[in-house]
Amino acid sequence: MSRKFLEAFTGYIFVLPDLLGLFLFLIFPAFLGLYLGFYEWSGVGSMRYVGLANFKRMFSDPLFAGSLLTTLKLVAFYVPINFIISLLLALLVQHPSKGVGLYRTIYFAPVAISAVSIGLIWKFMCQPKGIVNALLMTIGIQPQPLLGSGSQALFILLSTLLYQSAGYYMVIFIAGLNDIPQEFYEAALVDGAAWFQRFRYITLPLLKPVSLFVLVMSLLGGFQVFDQIQILTGGGPYYATTTTVFYAYRMAFQFYQFGYGSAINFVVFLIQLLLSFIVFKIMNKGEV
Amino acid sequence: MKKQSLTALKYCLLSVLAGCFLFPLYCMITAALKPGSEVFKTPPTLIPSQFVWSNFSRVFTIAPLYPRWVLNTFIVSAVVTVVALYLHAMAAYSLARLRYPGRRVIFYLIISTLMIPVTSVLIPRFVIIRAFGWVNTYWGLIIPAIPHAFGIFFLHQFYIQLPRELEEAAIIDGCSPAGVFFRIVLPLSRSEFAALAVFFFLANWNSYLWPLLVVQTPQLKTLQLGLAGFVGPYDNPWGSLMAANTIATIPALLLFFVLQRQLMSSITMTGLKG
């Protein structure tokens, strides 16, 4: 057996298990999902071909439209707020100095905690007589319905996402900030540039690739929220926190409409791709 | 002088933010330690008037399967982590170093799967594992959690920048390609393995959505499922729930504190070279 043949043989054997796994549990399901979208199927028994009916149904389904709007609202708040908070945290703890390491650890720690645990803590704090209302009362604000109100529930959901992801994106920003050559800042200092000018004309432009990554990743992350919704609100009150992913899940696994659920997931997948592409385009054009 | 006050301001801000981050965890732990009558008292007590440990012991009488759930989660997380590390390392090494027809195509195919979010393929993926008869089995929990392009990509970036000299020396000594990988390259990957291991382990320890679909009996539940379905006793439901929550969170936080540097490096790699 020649060395070349042995190398090729080993190469295929080594890559095969993972390739097979990815094919079976990601690539093939992506196509199977599109296929299922053309059928009416309760998940068991026979499937009935219905053409584009599932896709047409989305346009006339107010609950789907509502879930899409909820998702877009959530993402529209989540992406920029997450960007600002994580960049702020990164700027604060970027340079290692006394005690800063401890703060960094504290901001980063929620990454290790499950979404279920955080959802349960928030649910506990937002009980009618819970700590949030108690704190509001001490500063003279009437107790709020919190999880009982649609708009408040959405913001509570948003805060759980921020709590978990700020430290994660902070770490990415820190790495990006540390990659900016120190000479730029030194030159700017010689020229007498103020802090904000240095931030505006050195940090932000040189941070652009990292910023793009953070924006796209958090956009996709915002679309995929599930655990927190299930724990915190169950999609309520009155569908106020039902996102598209949550709606598709309920369609399939609670109402046994596997075809319609798959169709929704496929369309939402395309919307995600489109939005990431738009973010990418804007960032590459704009000056930020 | 101006600089001093600026530094003071910075530390103030850092501390306020740290308070915001710690407050929910503080609420969880104190609720687990408070007597039932005090959990929803107004004004709230910041420090429990007396420390009650019974909430913790009651977790195990309310949910006698709790240790089983911890064990299930540990088994699933550990097996996924170990198997994934080896498979990803093999795939990454193959794609980075070994030459064969179709390698580039396979590489781009694998990387392109990073764009497919798991939530988008949830329904067909469930249909597939059901066809395999894996619903309500360890197989169903473990096997689909293993393949992940991120791990392959991460190790691939490491292997392409590894100096070739060591491998070449081994090849001259008559070592086979597989031998080079297992004897030379794997031992060099230790710190990258640590970074990925903590990432995989935490992801699986905290996983909820996929087990929610796969598991159907209480005996097979994972910790997050058990926690989500936990109903406390009528006299102090939240105290016991927060105690259960504390028990579930502590292993993850401990792992985090020990290996946070490694976790940071794995996140950084994906963020910058991604």
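Read the figures in this text as sums done on the coordinates, not as results from a lab. Quick caveat: nothing in here was measured; it's all calculated off a predicted structure. Don't worry about glycine lacking a Cβ; one is built from the backbone with ideal geometry, like all the others, and counts go over all protein chains shown.
Could you work out the relative contact order of segment A:143-280? I mean the mean sequence separation of Cα pairs under 8 Å and 6+ apart, divided by the number of residues, in percent.
Working: 95 pairs, mean separation 36.4, N = 138.
After rounding, I find 26 percent.
Using the crude model of +1 on Lys and Arg Cβ and -1 on Asp and Glu Cβ, and no other charge, please compute the dipole size for segment A:60-285 relative to its Cα centre, in debye to 20. Before the final figure, lay out each step's value.
Numbers: 11 positive and 6 negative charges, 48 e Å.
Once rounded to the nearest 20, the dipole reads 220 debye.
Each residue of segment B:250-255 in order: what ³J(HN,Hα) in whole Hz does its phi give by Karplus 6.51 cos²θ - 1.76 cosθ + 1.60, θ = phi - 60°, with x for Gly and Pro?
Once rounded to whole Hz, the list reads 4, x, 5, 5, 4, 4.
Show the residues, 5+ positions off or on another chain, whose built amide H is closer than 5 Å to the amide H of A:TYR39.
Amide H to amide H, under 5 Å and 5 or more residues apart or across chains, A:TYR39 pairs with A:VAL50.
Just grab the label-to-label distance for A:ALA65 and B:LYS41, each label 7 Å out from Cα along the Cβ direction, in nm (one decimal).
Once both label points are built, they end up 5.2 nm from each other.
Taking the Cα centre of the protein assembly as shown as origin and charging only Cβ (+1 Lys, Arg; -1 Asp, Glu), how large is the dipole, in debye to the nearest 20?
Taking the Cα centre of the protein assembly as shown as origin, the dipole is about 280 debye.
Please list, ordered by chain and number, the residues whose modelled amide H lies under 5 Å from the amide H of A:THR241; skip anything fewer than 5 residues away on the same chain.
Sorted by chain and number, the residues that satisfy this are A:GLY236.
Could you work out how much longer the chain between B:ARG261 and B:ILE75 gets when fully extended? Use 0.36 nm per residue separation minus the Cα distance between them, nm to one decimal. Mind dumping the intermediate values first?
Values: separation 186, 0.36 × 186 = 66.96 nm, distance 2.45 nm.
The span from B:ARG261 to B:ILE75 would gain 64.5 nm if fully extended.
In nm, to one decimal, how far is the modelled label at B:LEU254 from the one at A:LYS208, with both set 7 Å along Cα→Cβ?
4.8 nm
Among the listed pairs A:LYS98/B:LYS3; A:LYS129/B:LYS221; A:LYS123/B:LYS34; A:LYS208/B:LYS2; A:LYS129/B:LYS34, which have their C-alpha atoms separated by more than 25 angstrom in this model? Numbers along the way, then the final one.
Details: A:LYS98/B:LYS3 16 Å; A:LYS129/B:LYS221 31 Å; A:LYS123/B:LYS34 18 Å; A:LYS208/B:LYS2 31 Å; A:LYS129/B:LYS34 15 Å.
In this structure, A:LYS129/B:LYS221; A:LYS208/B:LYS2 lie more than 25 Å apart at Cα.
Find how much the distance from B:PHE182 to B:PHE60 grows on full extension, using 0.36 nm per residue of separation minus their present alpha carbon separation; answer in nm with one decimal.
Stretched out fully, the B:PHE182 to B:PHE60 stretch lengthens by 39.5 nm.
Measure off 7 Å from each Cα along the Cα-to-Cβ vector at A:SER46 and A:ALA193, then give the distance between these two points in nanometres to one decimal.
For A:SER46 paired with A:ALA193, the spin-label model returns 7.2 nm.
Among rounded, prolate and oblate, which fits segment B:18-131 when a ≥ b ≥ c are the square roots of the eigenvalues of its C-alpha gyration tensor, a/c under 1.5 means rounded, and a/b larger than b/c means prolate?
Values: a/c = 3.03, a/b = 2.52, b/c = 1.21.
It is prolate, given that a/c is not under 1.5 and a/b is the larger ratio.
Mind checking the dipole of segment A:110-238: about its Cα centre, +1 per Lys or Arg Cβ, -1 per Asp or Glu Cβ, Debye to the nearest 20?
Dipole size: approximately 440 debye.
Put +1 on the Cβ of each Lys and Arg and -1 on the Cβ of each Asp and Glu in the protein assembly as shown; which of A:ILE229, B:ASN72, A:GLY101 then has its Cα farthest toward the positive end of the dipole?
Sorting the options by dipole projection puts first A:ILE229.
Explain nothing, just compute: Karplus ³J(HN,Hα) = 6.51 cos²θ - 1.76 cosθ + 1.60, θ = phi - 60°, for every residue of segment A:67-80 in order, whole Hz, x for Gly and Pro.
Coupling constants for segment A:67-80: 5, 5, 5, 4, 4, 5, 4, 4, 5, 4, 7, 4, 4, x Hz.
Using a Gaussian network model on chain B with a 10 Å cutoff between Cα atoms, which of B:PRO211, B:PRO251, B:PRO187 fluctuates the most?
Residue with maximal mean-square fluctuation among B:PRO211, B:PRO251, B:PRO187: B:PRO187.
Could you go through segment A:183-188 in sequence order and give the Karplus-derived ³J(HN,Hα) for each residue, using 6.51 cos²θ - 1.76 cosθ + 1.60 with θ = phi - 60°, rounded to whole Hz, and x for Gly and Pro?
4, 4, 5, 4, 4, 5
Could you give the length gained on full extension between B:ARG99 and B:VAL83, defined as 0.36 nm per residue of separation minus the Cα-Cα distance, in nm?
Full extension of this stretch gives 3.3 nm more.
When chain B is modelled as a GNM with alpha-carbon springs shorter than 10 Å, which of B:SER54, B:SER112, B:SER207 fluctuates the most?
Fluctuation is largest for B:SER112.
Name the residue, out of A:ASP179, A:ASP61, A:ASP191, whose mean-square fluctuation peaks in a Gaussian network model built on chain A with Cα pairs under 10 Å.
Most flexible of the set in this elastic network: A:ASP191.
Which residues does a label at B:LEU162 reach in segment B:186-227, if reach means a backbone N under 19 Å from a point 7 Å past the Cα toward the Cβ?
Residues B:186-198 qualify, since their backbone N sits under 19 Å from the label point.
So, in Å, what gap is there between the alpha-carbon centers of segment A:89-129 and segment B:57-119?
Measuring centre to centre over Cα atoms gives 26 Å.
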